[in-house]
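Below: the structure, in structure tokens.
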Amino acid sequence: MFCLLLRQSRNSYQLISKQVWKLPVYTVGKGLHTSNFLRHGEYEWQDPKSPDEIVNITYVDKNGKRTTVQGKVGDNVLYLAHRHGVEMEGACEASLACTTCHVYVQNKYLEKLNEPDEKEDDLLDMAPFLRENSRLGCQILLEKSMEGMELELPKATRNFYVDGHKPKPH
């Protein structure tokens, strides 16, 4: 088999032909089944399958702008924020390595969240503007009992740009 390549140099194009050896193709037997898999954060881009799954929450940004979004049971609030254009950075992509998804949880919902593990507590100790109700958004998975929860974003995070630059999710 031959492959044709078009190589561009400063002012010209060059057509190159290359012989490519075709490797044998292996087929999978009927006993192996595969299913679609989800990448990091893709679950939050799926709509709820039934009204029983819907959980409405509100994000309050540093300027006081309120954004109410419809999530579903199991959604990670960091990726849900990304889906709906809320400016929550999440620099480590929910790998529990930074504090850029730091949020303040309404006190009445704090008891509905799982207890933070030691690593989350250690990271929160480094977060600016820490409060008693501080949590990392990447560690909050929605449950039906969180209906109506408000998450307030702090005035700044560790990666905050003072020149007005707004980082985009990865």
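A short reminder: the numbers here are calculations on the coordinates, not readings from a lab. Keep in mind the model is a prediction, meaning the values are calculated, not measured. When we count neighbours, we look across all protein chains shown, and the Cβ atoms used for this are built from the backbone with ideal geometry, even at glycine.
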**OP:** Find how much the distance from residue 119 to residue 53 grows on full extension, using 0.36 nm per residue of separation minus their present alpha carbon separation; answer in nm with one decimal.
**Re:** 20.8 nm
**OP:** Can you list which of the GluC sites (Glu not before Pro) found in segment 75-148 are DSSP loop residues with at most 14 other C-beta atoms within 10 Å?
**Re:** 111, 132, 147
Subject >> Whole-Hz couplings from phi, Karplus 6.51/-1.76/1.60, listed for segment 77-87; x for Gly and Pro >> reply: 5, 5, 5, 5, 4, 4, 4, 9, x, 7, 7
Subject >> For residue 71, distant residues with modelled amide H under 5 Å away >> reply: 55, 56, 57
Original post:
How long are the semi-axes of the ellipsoid equivalent to segment 42-157, from square roots of 5 times the Cα gyration tensor eigenvalues, in whole Å, largest first?
Top reply: 21, 15, 14
Original post:
Is segment 55-112 rounded, prolate or oblate when judged by the Cα gyration tensor, a ≥ b ≥ c being the square roots of its eigenvalues, rounded requiring a/c under 1.5 and prolate requiring a/b larger than b/c?
Top reply: rounded
**OP:** Return the sequence-ordered ³J(HN,Hα) values of segment 44-51 in whole Hz as given by the Karplus equation 6.51 cos²θ - 1.76 cosθ + 1.60 applied to θ = phi - 60°, using x for Gly and Pro.
**Re:** 5, 8, 8, 6, x, 8, 8, x
**OP:** Excluding residue 99 itself, calculate the net charge of residues whose Cβ lies under 11 Å from the Cβ of residue 99, where each Lys or Arg counts +1 and each Asp or Glu counts -1.
**Re:** -2
Original post:
Once the Cβ-Cβ distance between residue 141 and residue 63 is put in as r, and R0 is 35 Å, what FRET efficiency do you end up with, to the nearest 0.05?
Top reply: 0.85
Subject >> Karplus-derived 3J(HN,Hα), 6.51/-1.76/1.60, for each residue of segment 53-70, Hz, glycine and proline x >> reply: 7, 5, 10, 8, 10, 10, 9, 10, 7, 5, 9, x, 5, 9, 10, 8, 10, 9
Subject >> Local electrostatic count at residue 142 - Lys and Arg +1, Asp and Glu -1, tallied over other residues with Cβ under 12 Å >> reply: -2
**OP:** Starting from the Cα of residue 49, draw a straight line to each of the aspartates and glutamates and keep only those under 20 Å, dropping any in the same chain fewer than 8 residues away.
**Re:** 75, 143, 147
